[in-house]
Structure formats: structure tokens, C-alpha cells
1. Out of curiosity, is E28 within 11 Å of the chain's Cα centre (by Cα), part of a helix (DSSP H, G or I) and not hydrophobic (A, V, I, L, M, F, W, C)?
2. Mind listing just one residue for me: the one in segment 30-63 that is acidic (D, E) and open to solvent by less than 90 Å² (accessible area, probe 1.4 Å) and, of those, nearest to L15 (Cα to Cα)?
3. Checking the conditions here, which among L40, L19, L35 is closer than 16 Å to A67 by Cβ and assigned to a helix (DSSP H, G or I)?
4. Within segment 48-69, count every residue that is at pLDDT below 95 and in a loop (DSSP other than H, G, I, E, B).
5. If you take the residues in segment 4-24 that are at pLDDT 85 or above and small (G, A, S), which one is surrounded by the fewest Cβ atoms within 10 Å (Cβ to Cβ)?
Amino acid sequence: MSNCRLELMADLPILAHALRTRQISSRELVEDSLLRIKRLDPKLNAFITVTGDAALVLAAKRDDELARG
């Protein structure tokens with residue numbers, strides 16, 4: 001079983017809708033994505049560099065923007 005709670009919503013249009021309707025936050029989506037990368041990348045070797053900290057900062061900014069309208 002995955003630790004990623006958004007695994008079942010992996011379809012991008014569904015995730016975009018969930019963000020717009022505030023069912024999930026940008027930070028939650030990024031955290032979940034980073035967990036998936038950590039879990040899968042050792043097998044897939046798909047990433048050269050993962051900039052998780054920078055992604056979390058940008059996600060927080062986006063959540064602030066959404067909160068302000």
C-alpha cells in the first residue's frame with residue numbers, strides 16, 4: 001500500500017480541479033508527489049535532480065495566492 005493519499009487521483013485534470021476547488025492544497029500535492037518520487041525513482045531512475053524544497057516554497061506561495069483570491 002502506498003503512503004501517497006492522492007495516488008488514486010493521479011489524473012492531471014482531476015488534480016487541477018481538486019486544487020481549484022480547494023479539496024487539496026498545493027503543498028499537499030507537492031508533498032504527495034515528492035513521496036511518489038522517493039518511492040518510485042530508485043526503480044525508474046527518471047530524475048537527475050529533485051528540488052523538493054524549492055517546490056514546497058512555490059506551493060506555499062500558490063496556496064497563499066489562492067487564499068487571497
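The values are calculated or read from the model by the stated rules, or taken from the named source; none is laboratory data. This one's a predicted model, so the numbers in the text were calculated from it and none came from an experiment. Ideal geometry is used to build each Cβ from the backbone, glycine not excepted, and the neighbour counts take in all protein chains shown. The protein model used for the area step is the full one, side chains on, heavy atoms only, and it has no ligands, DNA or RNA in it. Shrake-Rupley method; radii C 1.70, N 1.55, O 1.52, S 1.80 Å.
1. yes
2. Checking each candidate, the answer is D32.
3. Just one listed residue meets the conditions, L19.
4. Residues meeting the conditions: 1.
5. The qualifying residue surrounded by the fewest Cβ atoms within 10 Å (Cβ to Cβ) is A16.
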